[in-house]
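Scroll down for the structure; my scribbles are underneath it.
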Amino acid sequence: GGTVRFENVRFSYDAGREILKGVSFEVPAGRTVAIVGPSGAGKSTLSRLLFRFYDVSSGRITIDGQDIREVRQESLRAAIGMVPQDTVLFNDTVAYNIRYGRPNASEAEVEEAARLAQIDGFIRATPKGYRTEVGERGLKLSGGEKQRVAIARTILKAPPILVLDEATSALDSHTEKEIQDALDRVSEGRTTLVIAHRLSTVVAADEILVFADGRVAERGCHAELLARG
Ligand code: ADP
Ligand code: ADP
């Protein structure tokens, strides 16, 4: 299971401007759909609606045919994992931060998740003189390392549905490649919605939706969109 559908979704944050102006698409179970488009187009708003941080103004969002407004909040949280662009970590060990995805996971499972996300080198060791805590006075993690902690957390949680808010070009290209590989690994076989900033990072998506002004302006696979310019 895990098919996500947006059906003619309209949304305004307040009485003001309409941010989504009738958005429809489906992410079939196990498939990957990417959303690209300029900043401010409403891409992140889609993930906030899926998590029910806000409810749609009209239309509906369903998971396996069920309106998400009828799904218990805990079930929704269990079903959807998010790898945000900028992860806020708890001031504790990296291992603790990974385990937050599934508190009853075994030590071996935490280590396996860390390995897949390529952060097993420092889940509790103190490389480069680092301390083991994460935070202001503890372990200093780069943006890329923090994002890999979020990826490891999501690998451990193993939700059927994933929302990936892609890394920006703020990362160096080597780090970006490593993160991309880790994200590919976690999304394998899961229903995945990728919020991307560039077409070039979503070559493998089953479908790409180009957002503009709160609407799906174009859709197709990577080759089709390139051919259309
Ligand atoms: P994107 O992810 O495509 O950059 P967003 O979904 O973050 O776009 O934002 C779409 C629009 O909604 C933007 O114009 C933004 O300023 C506005 N917006 C985002 N969050 C809020 C909010 N909490 N209240 C009001 N407007 C918001
Ligand atoms: P953001 O940087 O987008 O604000 P948060 O700090 O809210 O992210 O979330 C931290 C982590 O908690 C995320 O990596 C995500 O896995 C998880 N998370 C946050 N909100 C939800 C939610 N509503 N459902 C499921 N997981 C969530």
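Read-outs: derived from the displayed coordinates by stated rules, not from any lab. Just so it is clear, the model here is predicted, and its values are computed rather than measured. Here the Cβ is made from the backbone with ideal geometry for all residues, glycine too, and neighbour counts use every protein chain on show.
Before moving on, here are some points about what is shown:
- If R0 is taken as 35 Å, the Cβ-Cβ distance between residue 77 and residue 174 corresponds to a FRET efficiency of 0.55.
- Taking N as the residue count of the chain, its C-alpha radius of gyration divided by 2.2 N^0.38 Å amounts to 1.04.
- In this entry, region 1-66 is assigned a mean projected area of 4.5 nm², taken as a quarter of its C-alpha convex hull surface.
- Label separation (residue 12 vs residue 212): 2.4 nm, computed from points 7 Å beyond Cα along the C-beta direction.
- Net dipole in debye of region 144-229 [+1 Lys, Arg Cβ; -1 Asp, Glu Cβ; about Cα centre; nearest 20]: 240
- Here the spin labels are modelled as points 7 Å beyond Cα on the Cα-Cβ line, and at residue 44 and residue 91 they lie 2.5 nm apart.
- For peptides 84-93, 110-119, 30-39, sequence by mean Cβ density within 10 Å, most packed first: 110-119, 30-39, 84-93
- Calculated from backbone phi, Karplus (6.51, -1.76, 1.60) coupling profile of region 142-154 in Hz, x at Gly/Pro: 6, x, x, 5, 4, 5, 5, 5, 5, 5, 4, 4, 6
- Applying a DSSP loop filter and a limit of 16 other Cβ atoms within 10 Å to the trypsin sites (Lys or Arg not before Pro) in region 150-199 leaves 198.
- When you restrict to C-alpha pairs under 8 Å that are six or more residues apart and normalise by the size of the chain, the relative contact order lands at 30 percent.
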